[in-house]
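The values are calculated or read from the model by the stated rules, or taken from the named source; none is laboratory data. Please read these numbers as outputs of a predicted model, since none were measured by experiment. Cβ: placed from backbone, ideal geometry, glycine included. Neighbour counts: every protein chain shown. Heads up: the accessible areas ignore ligands, DNA and RNA and are worked out on the full protein's heavy atoms, side chains in. Shrake-Rupley method; radii C 1.70, N 1.55, O 1.52, S 1.80 Å.
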Amino acid sequence: MHFDPYFCQMESTLDAVAEQDMLSFEAFRTSVIADYRMALMSREVSLLGRREVLTGKAKFGIFGDGKEVAQIALAKFFQKGDFRSGYYRDQTFMFALDVANVEDYFSQLYADVNNDPYSGGKNMNAHFATEFVNKKGAWSNLVDSYNISADIAPTAGQMVRGLGLAFASNCFRSSKHKAQFTNLSNNGNEVCFCTIGDASTSEGHFWEAVNAAGVLQVPLAIFVYDDGYGISVPTDLQTTKGSISDALKGFEKEKGTNGIKIYTVKGWDYAALCETFEEGIAYTRETHTPVLFHVKEMTQPQGHSTSGSHERYKTSERLQWERDWDCNKKMREWLLLNELTTEEALQAMESAVKQEVRLSKLAAWEKYIAPIKEKINQGVALVQKGLNEADLKIAIELLHELVHSREPLKRDIFRTLNLILEKIPHHPNAKSIQVFLDNYYQQEAPFYSKDLYNEGPLSTLNVSQVDPIYPADAATLNGYEVLNHYFDALFDQNPLVYAFGEDLGNIGDVNQGFAGLQLKHGADRIFDTGIREQSIIGQAHGMAMRGLRPIAEIQYLDYLLYGIQTLSDDIASLHYRSNGLQSSPVIIRTRGHRLEGMFHSGSPMGVIVNALRGMYVCVPRNMVQAVGMYNTLLRGNDPALLIECLNGYRLKETMPSNITEFTVPLGKPEILKEGNDITIVSYGSTLRIIEDAALRLNEMGIDCEIIDVQTLLPFDINHQIVVSLKKTNRIIFIDEDVPGGSSAYMYQQVIELQGGYRWLDIAARTLSAKAHRPAFASDGDYFSKPNTEEVIKVIKEMMSE
Ligand SMILES: Cc1ncc(C[n+]2csc(CCOP(=O)(O)OP(=O)(O)O)c2C)c(N)n1
Ligand SMILES: [Mg+2]
């Protein structure tokens with residue numbers, strides 16, 4: 001419906017109605033009343049939802065009460081093809097789009113693995129998602145659907161993803177190949193709606209994203225829901241001048257400048273909300289530039305969440321103000337003032353809505369609880385079968401709580417039945433009970449663990465190995481030149497690939513991998529960014545979610561830490577938390593391990609492998625291996641980090657002829673040197689030190705086998721390393737991380753997971769860098785990181801044990 005501002009002034013008396021066509025008035029009236037009904041419905045969901053938590057049917061709840069009217073208004077201007085990157089208050093927005101319904105909402109609240117359509121019972125309530133990729137991993141038709149990127153709980157995390165979702169519209173708009181991707185974009189006309197709470201604007205993510213949106217001029221519509229608090233902390237302790245729109249004044253777009261258009265509007269003023277959003281969204285849709293709506297005077301009728309009570313920190317005056325200015329109450333008053341409905345009609349509607357929500361909630365509960373109760377019945381029958389009177393008495397006592405619980409959990413079944421087996425060890429049916437429990441566990445466990453990575457045909461692990469071809473006249477090039485030729489060919493071949501980062505565009509990155517390529521392939525595909533690692537990563541993430549294949553560069557591995565929150569919380573968890581509905585095949589390219597000094601030589605691989613489960617982590621020893629890994633990653637749907645060796649760009653390598661075709665499979669170590677005495681496991685630039693040490697050890701009669709793991713995630717999928725250990729019976733894990741970092745991770749994988757302990761003649765060891773950051777200059781490096789002499793010394797010690 002086009003919102004007719006004629007009828008929208010809160011103070012309007014509708015005198016002009018007489019001049020209007022009564023049919024259009026009727027349509028308007030019907031639509032407004034439907035909106036109020038939606039607001040009521042959503043409020044009822046919040047009220048009942050909270051009750052479900054407080055009565056023990058759900059674990060935790062966070063709701064969208066106090067924000068209903070604004071969301072109904074903004075949903076009017078969200079079109080098919082648009083994207084949302086929002087947060088946990090958006091239930092009304094989702095109901096208004098019909099992306100969510102009440103029954104599904106409660107299924108998620110109950111963590112119902114079978115019926116929560118957004119996350120399969122994995123994510124907290126009010127964390128929505130729609131399908132971006134189908135079960136085979138192919139991108140769905142995004143232009144004809146409302147696209148809801150899967151929510152995360154970390155405040156403001158959605159901002160940098162939203163930046164990328166919006167930026168992808170720019171990419172499609174300027175793409176010469178857009179005609180091939182009509183399922184992904186309609187000429188780049190899509191807007192990304194990004195919602196955020198007032199307090200969360202204090203996060204760095206917000207400022208990075210707002211600044212980048214202002215520079216990049218992307219179709220991003222930001223809605224700041226200002227309810228005056230971030231849990232208990234009021235706005236004046238959060239935001240300069242106590243107002244985000246005031247604080248943002250310098251970002252405001254003016255004639256002839258870039259920047260952001262900024263609106264303020266009150267969250268209870270239905271008419272003004274519709275009018276403001278209509279104007280602002282039309283502006284962003286037409287100009288493809290960002291807009292921010294500061295939605296003030298919102299409330300939280302039930303406080304922040306089920307975890308606390310707002311009476312503890314809000315004054316009675318504030319609480320009274322919130323009651324008086326409740327958006328639903330104000331909309332109701334407005335309907336009556338404008339004689340759009342009657343008190344009786346409203347009362348009837350209110351009780352109908354209550355009943356409707358209650359029934360949907362009950363339906364969701366029934367769907368959730370019935371299979372659990374069925375399992376309880378089966379378990380009880382098995383337990384009672386064949387027991388003598390004394391044991392039956394014990395069993396009935398132990399079963400009592402489970403059988404009488406109104407909200408039994410699966411874990412209660414496991415606990416109770418296992419207790420019974422412990423207390424009645426001679427149970428005649430013990431075997432069947434155990435089988436029943438094992439089967440039940442096997443049936444349920446996958447719901448909680450599946451989809452960490454793509455599991456279908458586009459799993460990157462399915463990419464088969466294609467060996468590099470080296471013609472007789474193959475050129476020998478510097479490492480950076482290998483990359484440069486590769487990226488050139490890649491950009492010719494794959495129109496979905498983009499590359500960007502600090503100093504990547506104009507000069508072609510600090511090591512010249514992209515030198516000259518911006519000129520050749522265009523600044524729309526290969527470009528510089530500001531120094532903003534978090535939002536570089538978020539930008540790439542949003543692009544990848546829309547089907548593009550971004551290679552985002554973080555200049556040095558040390559600075560990956562700036563983006564680790566987005567990598568870990570958002571990218572690595574996306575496929576898992578959306579239950580396979582969404583994928584982000586982003587490639588984060590960086591270079592590291594060894595350069596110079598404290599903040600250019602770090603190798604925090606333990607942090608990385610532990611924080612990024614859900615991504616793949618590639619650690620190529622040279623640039624040809626790196627190219628093979630890029631090729632592999634670009635054929636799958638999983639996100640990955642690839643770390644090039646900083647000291648490898650000027651080493652000579654032979655150039656394969658099938659540069660865009662050959663692949664290096666993930667999780668497949670390579671034996672660089674065969675040997676019989678000891679297995680050395682490592683990766684990346686450390687291998688060069690090890691190879692040097694091995695030569696010298698060879699002179700001393702010690703024959704080392706050197707294994708390059710190639711990827712840390714996944715790690716040696718086929719357990720090749722233990723095969724080497726069976727031969728040598730001695731093993732050492734070497735890297736440049738801190739003690740107990742990634743070397744300990746490799747140790748655990750081989751010694752525990754692969755059962756390597758069985759083949760050891762002496763204790764397995766790790767050799768790493770020191771606990772401190774690497775000190776400056778070459779001697780700083782020598783004394784901080786593993787060096788050749790140290791490797792020789794440790795291995796000699798191990799050989800003499
Ligand atoms: C990074 C991070 N820090 C802290 C929290 C805990 N937390 C959840 S919501 C919230 C307050 C957010 O307030 P605001 O942005 O105003 O949104 P509102 O809930 O008021 O709508 C906090 C501190 C979190 N989820 N993420
Ligand atoms: Mg708030």
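Of all residues in the range 280-310, those satisfying the criterion of being within 16 Å of ligand 1 (Cβ to nearest atom) and open to solvent by 20 Å² or more (accessible area, probe 1.4 Å) are Lys296, Glu297, Pro301, Gln302, His304, Thr306, Ser307, Gly308, Ser309.
Checked against the criterion of being open to solvent by 10 Å² or more (accessible area, probe 1.4 Å), touching a residue at least 60 places away in the same chain (Cβ under 8 Å), hydrophobic (A, V, I, L, M, F, W, C) and within 16 Å of ligand 2 (Cβ to nearest atom), the range 118-133 contains not a single residue that satisfies it.
Candidates are the residues of the range 189-211 that are in contact (Cβ under 8 Å) with a residue 60 or more places away in the chain and among the β-branched types (Val, Ile, Thr); the one that is nearest to ligand 2 (Cβ to nearest atom) is Ile196. Only one of the listed residues (Arg51, Arg84, Arg89) is without any contact (Cβ under 8 Å) to a residue 12 or more places away in the chain and either assigned to a helix (DSSP H, G or I) or surrounded by 22 or more Cβ atoms within 10 Å (Cβ to Cβ) (or both). That residue is Arg51.
The set of residues in the range 137-158 that are farther than 27 Å from Ala179 by Cβ, open to solvent by 40 Å² or more (accessible area, probe 1.4 Å) and in contact with a Phe, Trp or Tyr (Cβ under 9 Å, 6 or more places away or on another chain) comprises Ala153, Thr155. Yes or no: Ile244 within 13 Å of ligand 2 (Cβ to nearest atom), among the hydrophobic types (A, V, I, L, M, F, W, C) and on the phi > 0 side of the Ramachandran plot? Against the criterion (within 13 Å of ligand 2 (Cβ to nearest atom), among the hydrophobic types (A, V, I, L, M, F, W, C) and on the phi > 0 side of the Ramachandran plot), Ile244 does not qualify.
Here's the yes/no breakdown for (1) closer than 21 Å to Asn718 by Cα; (2) modelled with pLDDT of 95 or more; (3) among the acidic types (Asp, Glu); (4) open to solvent by 10 Å² or more (accessible area, probe 1.4 Å):
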residue: Gly628; (1), (2), (3), (4): yes, yes, no, no
residue: Leu633; (1), (2), (3), (4): yes, yes, no, no
residue: Leu646; (1), (2), (3), (4): no, no, no, yes
residue: Tyr683; (1), (2), (3), (4): yes, yes, no, no
residue: Ile689; (1), (2), (3), (4): no, yes, no, yes
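The set of residues in the range 180-192 that are within 21 Å of Leu273 (Cα to Cα) and either among the aliphatic types (A, V, I, L, M) or within 16 Å of ligand 1 (Cβ to nearest atom) (or both) contains only Val191. Applying the set (1) more than 30 Å from Ile369 (Cβ to Cβ); (2) within 16 Å of ligand 1 (Cβ to nearest atom) to Ala126 leaves exactly one unmet item: (1). In the set (1) loosely packed, with under 14 Cβ neighbours inside 10 Å; (2) within 11 Å of ligand 2 (Cβ to nearest atom); (3) of a type outside the set (Val, Ile, Thr), the condition left unmet by Gly228 is number (1).
Looking at Leu362, Leu336 in this structure, which one is away from ligand 2 (no atom under 16 Å from the Cβ), within 33 Å of the chain's Cα centre (by Cα) and open to solvent by 50 Å² or more (accessible area, probe 1.4 Å)? Explain how you work it out, then say what you get.
Details: Leu336 fails: within 33 Å of the chain's Cα centre (by Cα).
When all the criteria are applied, what remains is Leu362.
Among the conditions (1) more than 16 Å from the chain's Cα centre (by Cα); (2) within 26 Å of Gly242 (Cα to Cα); (3) more than 16 Å from ligand 2 (Cβ to nearest atom), the only one that Leu163 does not satisfy is (1).
Do you know which of the residues in the range 159-179 that are open to solvent by 10 Å² or more (accessible area, probe 1.4 Å) and part of a helix (DSSP H, G or I) is nearest to Leu496 (Cα to Cα)?
Ranking the candidates gives Lys178 first.
Out of Val497, Val466, Val482, one residue alone is modelled with pLDDT of 95 or more, within 30 Å of the chain's Cα centre (by Cα) and under 19 Å from Val627 (Cβ atoms). It is Val497.
Within the range 501-525, the residues that satisfy the criterion of being out of contact with any helix residue (DSSP H, G or I) (no Cβ under 8 Å at 6 or more places or on another chain) and either among the β-branched types (Val, Ile, Thr) or open to solvent by 30 Å² or more (accessible area, probe 1.4 Å) (or both) are Asp503, Ile507, Val510, Gln518, Leu519, Ala523. For the range 198-215, residues that are within 11 Å of ligand 1 (Cβ to nearest atom) and either over 19 Å from the mean Cα position of the chain (by Cα) or farther than 21 Å from Val265 by Cα (or both) total 7.
Taken over the range 598-620, residues that are part of a helix (DSSP H, G or I) and at positive phi amount to 0.
Residues considered: Gln555, Gln539. Of these, the only one that is over 19 Å from Pro656 (Cα atoms), open to solvent by less than 40 Å² (accessible area, probe 1.4 Å), in contact with a helix residue (DSSP H, G or I) (Cβ under 6 Å, 6 or more places away or on another chain) and modelled with pLDDT of 95 or more is Gln539. Tallying residues that are within 16 Å of ligand 1 (Cβ to nearest atom), out of contact with any strand residue (DSSP E or B) (no Cβ under 9 Å at 6 or more places or on another chain) and open to solvent by less than 10 Å² (accessible area, probe 1.4 Å) within the range 261-279 yields 0.
If you go through the range 311-325 and pick out every residue that is more than 15 Å from ligand 1 (Cβ to nearest atom) and assigned to a loop (DSSP other than H, G, I, E, B), you end up with 2. For first residues located in the range 212-229 and closer than 20 Å to Glu279 by Cα, partners that are part of a loop (DSSP other than H, G, I, E, B) and of a type in the set (Val, Ile, Thr) and lie 6+ apart or on another chain with Cβ distances below 6 Å form the pairs Gln217/Thr289; Pro219/Val191; Ala221/Val191. Counting only strands (runs of 3 or more DSSP E) that sit wholly inside the range 216-297, those with at least 3 residues that are within 29 Å of the chain's Cα centre (by Cα) and either at pLDDT 95 or above or closer than 27 Å to Gly188 by Cα (or both) are 220-225, 291-296.
Test Glu407 against the stated conditions and say whether it is within 30 Å of Val265 (Cβ to Cβ) and either away from ligand 1 (no atom under 16 Å from the Cβ) or basic (Lys, Arg) (or both). So Glu407 fails the test.
Of everything in the range 231-255 that is among the β-branched types (Val, Ile, Thr) and surrounded by fewer than 20 Cβ atoms within 10 Å (Cβ to Cβ), the residue that is nearest to ligand 1 (Cβ to nearest atom) is Ile231.
Listed conditions (1) more than 16 Å from ligand 2 (Cβ to nearest atom); (2) in contact with a Pro (Cβ under 8 Å, 6 or more places away or on another chain) are all met by Glu322, apart from (1).
Whenever a residue of the range 700-711 is closer than 12 Å to Ile795 by Cβ, its partners that are open to solvent by 10 Å² or more (accessible area, probe 1.4 Å) and among the charged types (D, E, K, R), lying with C-beta atoms within less than 6 angstrom and at least six residues away or across chains, give the pairs Ile702/Asp677; Asp703/Asp677; Glu705/Glu674; Ile706/Lys673. Just one of (1) in contact with a strand residue (DSSP E or B) (Cβ under 7 Å, 6 or more places away or on another chain); (2) under 30 Å from Arg173 (Cβ atoms); (3) exposed (fewer than 14 other Cβ atoms within 10 Å of the Cβ) fails for Asp492. It is (1).
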